[in-house]
Amino acid sequence: MKKTGLGRDPLNWINSTLKGKMPVEKKIELHISPRKKKGEKEHLPKFKTFEVRLTSLLREDQLEFLEKLTREIQKNRTPEYRKERITKNTIIRVFIDAFMEKKLDTSNIPDEETLLKRIKQI
């Protein structure tokens with residue numbers, strides 16, 4: 001008669017690595033912040049409040065501009081104005097918010113150069 005399958009306990013050949021030692025139980029303590037106990041919401045970092053991730057291709061000079069502006073803003077703040085971190089993403093979002101408030105003539109824009117000229121006219 002031919003045997004098929006792996007049998008009742010196919011892993012019975014594996015020896016235990018504990019060798020007489022009993023597994024150690026660890027006591028885990030959960031620390032709940034005072035805000036949570038009172039039912040208040042904890043403050044989320046600003047970047048966790050955004051819903052959409054967007055990838056954008058930039059020229060080297062554009063990236064350098066964003067990095068330089070970010071460094072200047074961070075460097076030129078006194079401690080009382082360091083409430084949140086200003087990043088390249090922050091600057092891009094602020095630029096978009098600023099343009100949302102402006103009225104742009106969107107008719108007949110054939111290329112990026114024309115779009116830039118129109119935006120500069122605002």
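The numbers here are math on the coordinates, done by the rules we state, and not lab data. Quantities reported herein were computed from a predicted structural model and do not represent experimental measurements. Neighbour counts are summed over all protein chains in view; Cβ atoms, including those assigned to glycine, are modelled from backbone coordinates with ideal geometry.
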Review point. Placing +1 at every Lys and Arg Cβ and -1 at every Asp and Glu Cβ, with all other atoms neutral, what dipole size does the range 57-121 have around its Cα centre, in debye to the nearest 20?
Key: 360
Practice item. Work out the FRET efficiency for Lys46 and Thr17 from their Cβ-Cβ distance, taking R0 = 41 Å, and round it to the nearest 0.05. Key: 0.30
**Study point:** Integer Hz, Karplus 6.51/-1.76/1.60 couplings in order for the range 10-16, x for Gly and Pro
**Key:** x, 9, 5, 7, 7, 8, 5
Revision key, fill the gap. For the pair Leu54 and Lys120, the simple spin-label estimate (label points 7 Å beyond Cα toward Cβ) gives in nm 2.3
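Here are some pairs, Lys68/Lys120; Lys75/Lys117; Lys46/Lys117; Lys83/Lys120; which of them have Cα atoms lying more than 25 Å apart in this structure?
Lys75/Lys117; Lys46/Lys117; Lys83/Lys120, as the Cα separations exceed 25 Å there.
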Check your understanding: Once the piece of chain linking Thr106 and Asp9 is laid out straight, how much longer is it, given 0.36 nm per residue of separation minus the C-alpha distance between them?
Key -> 27.7 nm
Revision key, fill the gap. Given a Förster distance of 22 Å, the FRET efficiency implied by the Cβ-Cβ spacing of Phe65 and Ala98, rounded to the nearest 0.05, works out to 0.90
Study note, to complete from the structure: With x for Gly and Pro, the residue-by-residue ³J(HN,Hα) of the range 58-67, computed from phi through the Karplus equation 6.51 cos²θ - 1.76 cosθ + 1.60 at θ = phi - 60° and given in whole Hz, is 10, 7, 4, 5, 5, 5, 4, 4, 4, 5
